[in-house]
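The values are calculated or read from the model by the stated rules, or taken from the named source; none is laboratory data. Worth saying up front: this structure is predicted, and the values here are computed from it rather than measured. Note that each Cβ is placed from the backbone with ideal geometry, even for glycine, and that neighbours are counted across all protein chains shown. To get the accessible areas, we keep the full protein, side chains included, count just its heavy atoms, and leave off ligands, DNA and RNA. Shrake-Rupley method; radii C 1.70, N 1.55, O 1.52, S 1.80 Å.
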Amino acid sequence: MRIIGKSSTKRELDDLEILIKDVNSIITSFVEQTVELQQHVADCFLSEFDIHGSIDLRAITKLARITSRYASSESFQNLGKYQRITQKLFNAWQSLRKDALECSSKYKASIAVIPAKLCFFFFYNGELCKAVVCLLDYIELVPEDVLTMEAALRWLMFLGETELAEKKIKQWKMEKSSEDLFEATKIAISYLKKSDNRVDMLKKMIDLRDKIRAENVRSFPKYELASYVYWLCSTFSNVPVGKTLNGCEFPDRMSQLQEASSKAEAIIRNRVPGLAAYQFDNSVSTSIWPFLEEKHHGSSTDYIHLGSTVAWHFEMRREWSLVNVSTAQTRDSMSSMILNWRIALKSASFFRILQMTNLLAYYTTIIEEVGTEKNAKLMRISVVNLLSANPVLVRCSTPKESRGPSRAQTPLPGEKSGYVPHISETMVAPLEDLMEDLDLFDEQPFHSVTRTCPCNVCLHYPLSCTFAAEYMMSYCIHSNFNQTSLKHFNEEFIRIRERGMSSQTMMQRNTQVRPRPNIIQNEVFGMCVCQWLVRKIDSKQYVDQESLEIFNNALKIVRYLNIRTTDLMLAVQQLGRQLEFPQDCDYSWMQPVIKKPRVKAGIENAIDLFRAVSPFGRRQKCDIQVDDRPFDSARYEKIRTEMKLEMNLYGHILYREWRCRLFPYIGRTSTDPWEAGYAWAESTLIGSRNAIQCRLEKCRKGMVTISGKERFEACVRTMPDDMTLVQIAMADDKKIYMIKLHADREPIIMPLAHYSQAVELMDKFTFMLEEDERIAKYPGEMTPEEFWKRRKVVDARMKLFLEEVQNNFLNVAANLLMPSGRLGENAAKIATKIFQSSKGGLLLGETKEMVYLSGAMDFKSWKTLVLRFCGMRKIDETFVSYLPTFHKRSIEEMKRDQEKNTSTSNVKKKYTYLVICPHLSQFCWERLPIFDDFPYVGRQVSIHSLFSQLEAMRNQEKQIPLQIDVQNAYYVLDPENNLGETKRRMLDYINNFNWKGIVGEAPSSSDITTALSQCDAFFYFGHGSGSSVMPRSVIKQSTCNAISMLMGCGSVRTIPQALGFDGKSALHDYAMAKCPLIVGCLWTVTDGEIDRFLIRMVDDCFEKTRTATGIDRLRQLSEAMHEARSKAKLRYLTGAAVVMYGLPVVSKPDVEKENNLHTPNRNRSVSGRMTPSRQKSPLGNSGNAPKTPAQNNSLSVRKGLLISKEISTPEHITSNRRASRKDGQLNLAGNSLNAVQAATPLRAGHALKTPGKTSKVDVKASSDRDLKTPKKTKTFPADFDESDELPKRSTRQTKPTTQTVSEVLSSTVEARTTRSSARTPSRSRRF
């Protein structure tokens, strides 16, 4: 039998036999060495994590220690030789390949072990091109192996070799043997090459995906096929949406990659269980030896399949992690990258460990969250240590468990002043608690590659192109992406590409074809260039020739296969435009300030605090660098046209780095106010909108985005007339802007402050919060008097600070925070005249706003604001001279319209909703002095959520304000069972309602889902936002119809992370569940204070009260919150902490429930460890109040599609509106949002305060109203003396008090009232 071809010789056959033995020996030795390293790493994991150790943010230090032990091990130092020897074997195989192909079929099967085991080695070490070369060689030797053909086809598509994949499909004739994989590949190639048939190809791919999902066949080939098809689907949305694709639904990239990774995870779990990302049992074996040598004694196919499986698993997880970053999924990004690092360590593959360490180090350099600096430092050191010729064992401590609870506690009598240990579940621990003794080597040099060095790095670098690219990325990370490192990478990229071209040519087997750069190397280079450009822009550096060369080369590289690198292509393009034309706005009120370091000293008195927190706005200004480069207007206009086209074509995808740069850039430079307003709206909430698309598994223009400026204008125009939306946003250059939206006018855009001013604001504000928290958590041996004195000092400084912020940060722009209204006919005419007279200095929307504000502002402030608008464009001196006349005329015309009822300026209830960027969201904007007597101010999570809520309510014909039945509520009280006082206090209060709930333990997922969907209100009393006992995934996937009151410290706080990220907050979870209203705390408040605040607020809103005239009416939650703030002991530290996100809420007007609001249901049961005692309701014997004639009517008013119904309209209010009735129809001026507008006048002593004016408190009216209350006054119990509220000592004797409500109302601020002045005295309850 002939075993060699005619041209083969005996010598060549002997060479093949020797090569087979060498390959078997070397690869077996490599596997044994790897298994030994895996065992060493497994022992490290057991010592660090034990068998079931948790993997979270605190695991980073442990993984860093394991990495250093891995790099220091003797087995690791021997890995480099395998790289060099295997390369020689690969070269020898290529020289003998032709001879092997001429052998007989039987002998080819024995020779096939050479490419099979080489393929495994290259796959395991990340050299994908060489692995695919060996894979194709194996198929030529064993052409009947269909599974290997399928693997080769998958990898060709992954590497972007679509032409070769198309060629191999025809050559291998896979239509019958692999029908689905053949069809998927054919569709993907056609979709990529032909843009005119993408609609059909998209539909076919989605149908194929759904077919595979429906079949759900549990086999390795089917799972590999499913993972491949999901991965192909993930790239389909990365195309421009023109006329043909407009309106098409693409598969969402993030969800498809998650599915692809999940299928790959299932395969690896069955082949090597220890390498599964979600295998948290550290005792499970990670060894690759059993699968390779024990089952089939080293068969070729096992080596191929294991190598391919491991590589595909790592690549899917890597790509999923990168997409999480590009779509602003902060939590998922961090968790997936930590898991990637963990399984890379368990694989013991040097390349995979470096790759995943780089990935996490790259991410930590992006995040700017307070407290993550040491994580970034640790990751940079881990990267350097891994590449060092002499690695050092990292000896940093594990992060300490955070002892501070998220809900500050009042020490009980006899307790020590310490607090219960508690692990923060949603926020990063304080910086000093992360890694207390991180004593690392800051000056360790980065190891350079040399020919003479025998270390692993120097042996890997010239032989592996993928390793060389990762090495250069490590160098850029170590150098903080400075221009020197990018210049070096740019030059080295060409050499790396040249070295890799030989392998790509071997795949083609055609020397005439010049292959494109490797897709993985393209991604790595593009990521580094993005971070370099960001740092260059942030430091205000100008473009130079060297920068231009790097940029042009990067743009060329990321465009090679742009359907895979769309996010990088768009980001690099926009960052380059911004570098070339920064278009900075350097107005006089936006100058940078010098940052001064603060030395935190002990605060003993008011003088110490005022020294530590100096007055805001007095810091020295910095000199601004003047850009004296010639301005190319033609080039700039061309770029503007490109940006607008790009915004339209790629508006359906939400990539963070591109969107947070391009959209704000257009927003601050566009001359079209509607285009600018649209761009500002679309630059926000990128992560949450991506998460919604991921949950829906589809992506479409207009689904979570606003489809264009025309659609944006339509949404604004259909807003209720008494609703104003104010967005405070951070631009691409980190400056702060205000965008004001109202249905009657164009968007108003006002630059507010420089980034350094915002940093100063939050720095000083945070310092005061930390000082108050320090006093509350560590009272030590303070007496109660001293305790409250110190806290009141901080509270007083906070009050002054808010005044300083309004005067120096906002200045005259503070008036723009007040709600707008629709102008009448006369006022609109004078606004048009001012607009024309300004000769381009003012826009029409701005003139309308200035006319509307004329009556609320003195002339000096009004003129300053007008000139600030004009200063953004041009100032005409003649126009300035007319301003006194315009101001006077504006006031007159507004009064004329009010008399004729042709404007909404006389509507008492108008709402301001704030959409605040994460960096400024913790600041208490609602407590600015301009809002002192204005209760109708709230927040919205985003513009999109507000538009979505309004549209849903129009479609369902629901009314605003939302009507809530407070009896239909569910509560979760102290689920961690460590808040004894809160439990006692709140159980006494809850006992008066028919609420269902759980005490002392965590609710089940089904209980949470049911409560949110079926109840009207959901109450949480515990630590933080409750995410440790109520999983985020459960909240997000629920349908939330209940208003949610999260009464834990920092429950709605948003922790800023970086530009373009939403920040970390439980808010986003409830917003995704479409929660109508969320109430929570922005910072830490003691448990007694927050509990009493809630009791006041709930009682004031949901009990039926009487006006000064004795007419029943309902109060909105915002009014009750405003009243509770003014009655808090600490009006700013406590009162300002509670905010609301969502639409207005009132109590549901039900006759039976109104008359017996707090009648308990004695047969109800409360789940949990405690059952509250039953008490008789204070209102149990109250009679039914007579209904007014207006309460018997339900009048519907339609504005657009929004239905708003009058709930209770007293006669004396409706009489003022009868003049506006025509032909029997009710015509409310301005088509108001308010459902209870006329029925809910402001309370006595709290008239609406307009900007620039001060109202006096009518104490007499308040007292008269209390005297008219026809109910017996109750006295407060002896244990409710708030002046002795905290801390209570066992030695302190509490004197009984017998204060009546009238006496409390007349008390001073030092002896603050304990009840709201609007509440009926008989409603007083024991706390």
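There is at least one residue in region 758-771 that is without any contact (Cβ under 8 Å) to a residue 24 or more places away in the chain and either buried (at least 22 other Cβ atoms within 10 Å of the Cβ) or not in a loop (DSSP other than H, G, I, E, B) (or both). Scoring residue 492 on the criteria (1) surrounded by fewer than 23 Cβ atoms within 10 Å (Cβ to Cβ); (2) at pLDDT 90 or above; (3) within 30 Å of residue 370 (Cβ to Cβ) leaves a single failure, condition (3).
Quick check on region 145-179: of everything there that is of a type in the set (A, V, I, L, M, F, W, C) and assigned to a loop (DSSP other than H, G, I, E, B), which residue is surrounded by the fewest Cβ atoms within 10 Å (Cβ to Cβ)? That would be 174. The single condition among (1) open to solvent by 20 Å² or more (accessible area, probe 1.4 Å); (2) in contact (Cβ under 8 Å) with a residue 60 or more places away in the chain; (3) more than 24 Å from the chain's Cα centre (by Cα) that residue 299 does not meet is (2). Per the conditions (1) closer than 20 Å to residue 823 by Cβ; (2) touching a strand residue (DSSP E or B) at 6+ places or on another chain (Cβ under 6 Å); (3) among the hydroxyl-bearing types (Ser, Thr, Tyr), the sole criterion not satisfied by residue 913 is (1). Would you check if there is a residue in region 95-106 being open to solvent by less than 20 Å² (accessible area, probe 1.4 Å) and of a type outside the set (A, V, I, L, M, F, W, C)? Checked region 95-106: no residue is open to solvent by less than 20 Å² (accessible area, probe 1.4 Å) and of a type outside the set (A, V, I, L, M, F, W, C). If you go through region 967-981 and pick out every residue that is at pLDDT 90 or above and open to solvent by less than 10 Å² (accessible area, probe 1.4 Å), you end up with 5. Being closer than 23 Å to residue 123 by Cα, among the β-branched types (Val, Ile, Thr), surrounded by fewer than 19 Cβ atoms within 10 Å (Cβ to Cβ) and over 42 Å from the mean Cα position of the chain (by Cα) is a description that applies to residue 20.
Taken as a whole, the structure places residue 37 among residues that are open to solvent by less than 40 Å² (accessible area, probe 1.4 Å) and in contact (Cβ under 8 Å) with a residue 60 or more places away in the chain.
Please enumerate the residues belonging to region 212-261 that are free of Cβ contacts under 8 Å to residues at least 12 places away in the same chain and part of a helix (DSSP H, G or I). 214, 215, 222, listed by residue number. Please go through region 820-857 and give me each residue that is under 16 Å from residue 889 (Cβ atoms) and open to solvent by 50 Å² or more (accessible area, probe 1.4 Å), ordered by number. Matches in region 820-857: 825, 829, 832, 833, 835, 836.
Among the residues making up region 991-1006, those that are open to solvent by 30 Å² or more (accessible area, probe 1.4 Å) and in contact (Cβ under 8 Å) with a residue 40 or more places away in the chain are 994, 996, 1001. Checking the stated criteria, residue 542 turns out not to satisfy the condition of being among the aromatic types (Phe, Trp, Tyr), at pLDDT below 95, farther than 27 Å from residue 592 by Cα and part of a loop (DSSP other than H, G, I, E, B). What are the pairs with Cβ atoms under 6 angstrom where one residue, in region 564-586, is closer than 14 Å to residue 543 by Cβ and the other, located anywhere, is of a type in the set (Gly, Ala, Ser) and open to solvent by less than 10 Å² (accessible area, probe 1.4 Å)? Sequence gap at least six, or different chains. Final answer for the pair search is 572/554.
Counting the residues of region 1051-1086 that are of a type in the set (Val, Ile, Thr) and open to solvent by 20 Å² or more (accessible area, probe 1.4 Å) gives 1. Would you call residue 813 small (Gly, Ala, Ser) and out of contact with any helix residue (DSSP H, G or I) (no Cβ under 6 Å at 6 or more places or on another chain)? The answer is yes for residue 813.
Within region 250-277, restricting attention to residues that are open to solvent by 50 Å² or more (accessible area, probe 1.4 Å) and under 24 Å from the mean Cα position of the chain (by Cα), the residue that is farthest from residue 193 (Cα to Cα) is 262.
Here residue 929 meets each of (1) more than 30 Å from residue 1064 (Cα to Cα); (2) surrounded by fewer than 18 Cβ atoms within 10 Å (Cβ to Cβ) with one exception, condition (1). Got a sec? Which of 686, 666, 706 is within 30 Å of residue 245 (Cβ to Cβ), open to solvent by 10 Å² or more (accessible area, probe 1.4 Å), aliphatic (A, V, I, L, M) and out of contact with any Ser or Thr (no Cβ under 6 Å at 6 or more places or on another chain)? So the residue among 686, 666, 706 that is within 30 Å of residue 245 (Cβ to Cβ), open to solvent by 10 Å² or more (accessible area, probe 1.4 Å), aliphatic (A, V, I, L, M) and out of contact with any Ser or Thr (no Cβ under 6 Å at 6 or more places or on another chain) is 706. Checked against (1) assigned to a loop (DSSP other than H, G, I, E, B); (2) surrounded by fewer than 22 Cβ atoms within 10 Å (Cβ to Cβ), residue 1040 passes all but a single condition, namely (2).
Taking residue 320 as the residue in question, decide whether it is open to solvent by 10 Å² or more (accessible area, probe 1.4 Å), part of a helix (DSSP H, G or I) and within 30 Å of residue 1056 (Cα to Cα). Spelling it out, residue 320 is indeed open to solvent by 10 Å² or more (accessible area, probe 1.4 Å), part of a helix (DSSP H, G or I) and within 30 Å of residue 1056 (Cα to Cα). Only residues that are closer than 24 Å to residue 1095 by Cβ, touching a strand residue (DSSP E or B) at 6+ places or on another chain (Cβ under 6 Å) and among the charged types (D, E, K, R) were counted across region 923-969, and they come to 2. Count of region 710-746 residues, restricted to those that are more than 24 Å from residue 1061 (Cα to Cα) and open to solvent by less than 10 Å² (accessible area, probe 1.4 Å), is 10.
For residue 470, the test of being crowded, with 22+ Cβ neighbours inside 10 Å and among the charged types (D, E, K, R) is passed. Tell me yes or no: at least one residue of region 970-983 is under 25 Å from residue 911 (Cβ atoms) and in contact with a strand residue (DSSP E or B) (Cβ under 6 Å, 6 or more places away or on another chain). Looking through region 970-983, none of the residues is under 25 Å from residue 911 (Cβ atoms) and in contact with a strand residue (DSSP E or B) (Cβ under 6 Å, 6 or more places away or on another chain).
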